[in-house]
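Q: Can you keep this structure in mind? I'll have questions shortly.
None of the figures in this text is laboratory data; all of them are computed from the coordinates on show. Fair warning: this is a prediction, and the values are worked out from it, not measured in the lab. Note that each Cβ is placed from the backbone with ideal geometry, even for glycine, and that neighbours are counted across all protein chains shown.
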Amino acid sequence: MKRYLSILTAVVLVLTTLLVPAMAETEPVKIGAIAPLTGSLATYGESVTNGIKLAIQEINDAGGVLGGRQLDVTYMDDKADATESANAFNKLVSDGNKAIIGSVTSGVTAGLAALANDQGMLLLTPTATADTITDGYTSVFRACFRDSFQGEVGAKVAVKLGVKKVAILYASGDTYSSGLYEAFKTAAATQGLEIVDVESSSTTSDTDYTTQLTNIVASGAELIFAPYYYDSIGPYIVPQARAAGFTGYFVGADGWDGTQNTMVADKSLYNKCFYTNHYAPDDPSPIVQNFVKKYTDTYGAASLTALAALAYDAAYMLKDAIETAGTDDTAAIIKAMTGMSFSGVTGTFTLDASGTPEKAAPVIEYVDGVAKFYASI
Amino acid sequence: MDGLTLFIQQVFNGLRVGSVYALIALGYTMVYGIIRLINFAHGDFIMVGAYTLFFTVPLMISHGMPAWLSVFAAIAVCATTGVLVEKLAYKPVRKRGNNMSALITAIAMSLFLENMAQTLFGANPKQVITIFNLPNLLGFNGNTLVTILIGVSIMVGLTLFVKHTKTGQAMRAVSEDKKASLLMGINVNRTITITFAIGSGLAAIASLMYIVQYNQVTNLMGYMLGLKAFVAAVLGGIGSIPGAMLGGLLIGLVESLSKAYSSTLTGGIITSAFSDAIVFGILIIVLLVKPTGLIGEKTGEKV
């Protein structure tokens, strides 16, 4: 009996060894994702993971990649904290993930980019817009444009609106806000705009801006460039400016996305407000409408922001790169993604030498509280 | 707009912020005055009250009642939270440790409430339906005026309560000497519970006036608000009821005027972004120069 058992074991062992290569072809391709799932920026993490999940679901339902292999995504929380994100990154790498999508905010992603480049891991951030994220790194890519470009578009919007005197309100302690302030200031000078007042707050989470806005009104500015996030634009900055007697234009950047959810009751206050974004939800093209409908049906409209659209595109960019590479080898996917062309919800673009898309920015205008496409600049 | 009009406007802006700080500082000072505990979770009681308003205001409106009535629901919820926090966290610690461990427990309680709110209601900011919006009176913001009026009436009411009622006398006795009060037949635990209920109830009123001005609720809203109100209470003299009112308004003014003029006065070296640093700088100066605050009473015991 014992002998039979050992023969049986031997046979099983041999068979298993023979079968392994055949099974590997149907094994899922492992991908990691890092986003702030808890903490103060958890809403961003929610949008981004929903966007990725939606795309992965579609890809897997349509038969996966590389002739029938499913994509298997592991989501890790970075709490928008640099240390947490590095831990998450190392865990994902040691677990054998082939590529990593993330993270969401620029501050955290900057740290990850250096790590990824050192280890030759593919890092694709859907949303980190800080200028230098992809510079000098061969394995780091993104799906969004950079901040300096947004500041430039902001100045062009001001010119298009026909104003001369502009004021800036920004958060000096915030990388995103002060980066956009610098970019706008430079662009305003070349566009022939006169900056009549510059006011600042220490953080983007202040609740009262009335004092700064009163100064801006006194300066006679016709337009305020306000690079803040939706959680202070909607309830505080715009209503307080209107209460202080400001009747002119507001121009903001992609941080404004989602302001329609944080507006006060009187939506007419938000007329004459413009911001640059990554996509326009009312864009009639089928790919955008398909995304908007599927997302709303699955996750509801509240978390449907540009971040979700960018994450959705990032997942498809990765899929395209894997298909082009024809293998799940990280180095091959990196090679395939370098300089790739892509067409998705957030536009049609080619990645530049650093790994950042070159694309147009849709400018959105609020009309009685509804986000409407204004122009593409 | 000429310089003087602009200045007056900025003073009004300062009073607008300061009136809210004053209301919160009243709650801080009330609790500190009786049990010598700086309740760092007080700012988060504002958040608890604000979430209560967020949920009850639509209910009130759908039942055809004035929206501000939901402040009573908020008072009930805040007072219950305050009493629970006292019974479950502060009291056991106070029995075993000293004032320092109670202080650290208060910070822990603050973090606990903030994170619990995020788990329960999510990280997304919530918009509260406009409760009321008062017209301007002689160019003075109506909401600010009502906030200051409420603040002053609470200040007077509290002073009378503490001076002239049996419970108030008990509170003062407990604040003087817990052991002696016990010997005098005062129910010390009951007195402390009542203090917490009142202090937290005041937080609910502050959250109403905050919501009227700022409309938005988040789980972290109480953090900065609480710290600034704490500075206000220290500036006025922590433990002193009129001091809290005065300190709140002064901090609001300092914040507004430093934002408005620091950049012009210093040639752009100190910008409006420094206002928080200036406010907290005041805390350090007060603690160094006059730890009892502007109108604080002298006490032998300090935290």
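Q: Explain nothing, just compute: Karplus ³J(HN,Hα) = 6.51 cos²θ - 1.76 cosθ + 1.60, θ = phi - 60°, for every residue of region A:98-104 in order, whole Hz, x for Gly and Pro.
A: 8, 7, 10, 9, x, 8, 8
Q: Compute the Cα gyration tensor for region A:148-277, then decide on rounded, prolate or oblate, letting a ≥ b ≥ c be the square roots of its eigenvalues: rounded whenever a/c is under 1.5, prolate when a/b is larger than b/c in the other cases, and oblate in all that remain.
A: rounded
Q: Let me ask something additional. How shielded is A:198-208 by partner chains, expressed as the average number of their Cβ atoms within 10 Å of its Cβ atoms?
A: Across A:198-208, the average partner-chain Cβ count within 10 Å equals 6.
Q: First check a/c for chain A, with a ≥ b ≥ c the square roots of the eigenvalues of its C-alpha gyration tensor; if it is under 1.5, answer rounded, and if not, answer prolate when a/b is larger than b/c or oblate otherwise.
A: The shape class here is prolate.
Q: Ok, one more. Neighbour counts of other C-beta atoms within 10 Å: give me B:85, B:279 arranged from fewest to most.
A: B:279, B:85
Q: Calculate the mean, over all residues of peptide A:257-267, of how many other protein chain Cβ atoms lie within 10 angstrom of the residue's Cβ.
A: 3
Q: Treating the angle as unsigned and between 0 and 90°, give the value, to the nearest 10°, between the Cα long axis of helix A:82-94 and the longest Cα principal axis of chain A.
A: So the inclination is approximately 20 degrees.
Q: Now for a different question. In the protein assembly as shown, what percentage of the DSSP-assigned beta bridges are antiparallel, given to the nearest 5?
A: Of all bridge pairs located within the protein assembly as shown, approximately 40 percent are antiparallel.
Q: How would you classify region A:228-377 from its alpha-carbon gyration tensor, with a ≥ b ≥ c the square roots of the eigenvalues: rounded for a/c under 1.5, else prolate if a/b is greater than b/c, otherwise oblate?
A: Prolate is the answer for region A:228-377, as a/c is 1.5 or above and a/b outweighs b/c.
Q: Then there is this: Take peptide A:168-175, look around each residue's Cβ out to 10 angstrom, count Cβ atoms belonging to other protein chains, and average those counts.
A: Per residue, the number of nearby Cβ atoms from other chains is 1 on average.
Q: So, one more: Quick one: angle between helix A:147-160 and the longest Cα principal axis of chain A, in degrees between 0 and 90, rounded to 10, please.
A: Its long axis makes an angle of about 40 degrees.
Q: Would you kindly derive the ³J(HN,Hα) couplings of region B:254-262 from the backbone phi angles with the Karplus curve 6.51 cos²θ - 1.76 cosθ + 1.60 (θ = phi - 60°), listing them in order in whole Hz, with x for Gly and Pro?
A: 4, 4, 5, 5, 5, 5, 6, 10, 4
Q: Around residue A:265, which amide H atoms from residues at least 5 apart in sequence, or from another chain, sit under 5 Å from its own amide H, with H modelled in the peptide plane?
A: The list, which skips near neighbours in sequence, is B:130.
Q: Something else: Treating only the Cα positions of the protein assembly as shown as identical point scatterers, give the base-10 log of I(q)/I(0) from the Debye formula at each q in 0.06, 0.07, 0.08, 0.12 Å⁻¹.
A: Cα-only, vacuum Debye calculation for the protein assembly as shown: -0.41, -0.54, -0.69, -1.26.
Q: Still on this structure, I have one more. What percent antiparallel are the DSSP beta bridges of chain A, to the nearest 5?
A: 35 percent
Q: How far, in degrees from 0 to 90, does helix A:2-24 lean away from the longest principal axis of the Cα atoms of chain A, to the nearest 10?
A: Long axis of A:2-24 versus the principal axis of chain A: about 40 degrees.
Q: Using 0.36 nm times the number of residues separating residue B:270 and residue B:163, minus their current alpha carbon distance, what extension gain do you get?
A: Result for the pair: 34.0 nm of gain on full extension.
Q: I need A:118, A:254, A:81 ordered by Cβ neighbour count within 10 Å, fewest first.
A: Fewest to most other Cβ atoms nearby, the residues stand as A:118, A:81, A:254.
Q: Hey, fewest Cβ within 10 Å first, where do A:307, B:84 land in order?
A: Arranged by neighbour count, lowest to highest, A:307, B:84 become B:84, A:307.
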